[in-house]
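Encoded as structure tokens, the structure appears first; notes follow it.
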Amino acid sequence: MDLTAVFRGLADPTRRAVIERLSRGPAPVTELAKPFEMALPSFTQHLCVLEDCGLVTSQKVGRVRTYQLVPASLSRADAWLNRQRAHWNARLDQLDTELVALHRHAKKDTAR
């Protein structure tokens, strides 16, 4: 499962809305497509992207194709984002420490 593909799948607002809906449970294509004003073939392309990048799986029973979320794919993206958040929080904490030290030093200089 490629992290770049996962973020490509999440890049589109329609696909993010589908992911949000599927977080509540599996759904057939017709239910997933209802909120969107687009032709079914266009909507199906979004589902194909989501399936190709591993965010969803589908199963066809008779004439009904049902999609469900693959939480492990989202977990990989979440883990990457958490690492980035931790890195930047640490960097901002370092900056804050430096700025406080500079401010204290500047106060001492003006007090003389």
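The values are calculated or read from the model by the stated rules, or taken from the named source; none is laboratory data. Note that the structure is predicted; figures quoted are calculated from it, not measured. When we count neighbours, we look across all protein chains shown, and the Cβ atoms used for this are built from the backbone with ideal geometry, even at glycine.
Counting the residues of the range 15-41 that are assigned to a loop (DSSP other than H, G, I, E, B) and surrounded by 12 or more Cβ atoms within 10 Å (Cβ to Cβ) gives 3.
Among the residues of the range 11-36, the one identified as acidic (D, E) and touching a residue at least 24 places away in the same chain (Cβ under 8 Å) is D12. Determine if the range 105-112 includes at least one residue that is among the basic types (K, R), surrounded by fewer than 10 Cβ atoms within 10 Å (Cβ to Cβ), without any contact (Cβ under 8 Å) to a residue 40 or more places away in the chain and part of a helix (DSSP H, G or I). Yes, that holds for at least one residue. Starting from residues that are modelled with pLDDT of 95 or more and not β-branched (V, I, T), keep the ones in the range 64-91 and report whichever is nearest to the chain's Cα centre (by Cα). Ranking the qualifying residues of the range 64-91, first place goes to L69.
Annotation note: of T4, T44, the sole residue that is outside any loop (DSSP other than H, G, I, E, B), more than 18 Å from R65 (Cα to Cα) and of a type in the set (V, I, T) is T4. Give the residues of the range 47-60 that are out of contact with any helix residue (DSSP H, G or I) (no Cβ under 6 Å at 6 or more places or on another chain) and part of a helix (DSSP H, G or I), sorted by residue number. Listed by number, the residues that qualify are L47, C48, E51, D52.
Scanning the range 61-73 finds one or more residues that are at negative phi, surrounded by fewer than 13 Cβ atoms within 10 Å (Cβ to Cβ), in a helix (DSSP H, G or I) and touching a residue at least 60 places away in the same chain (Cβ under 8 Å).
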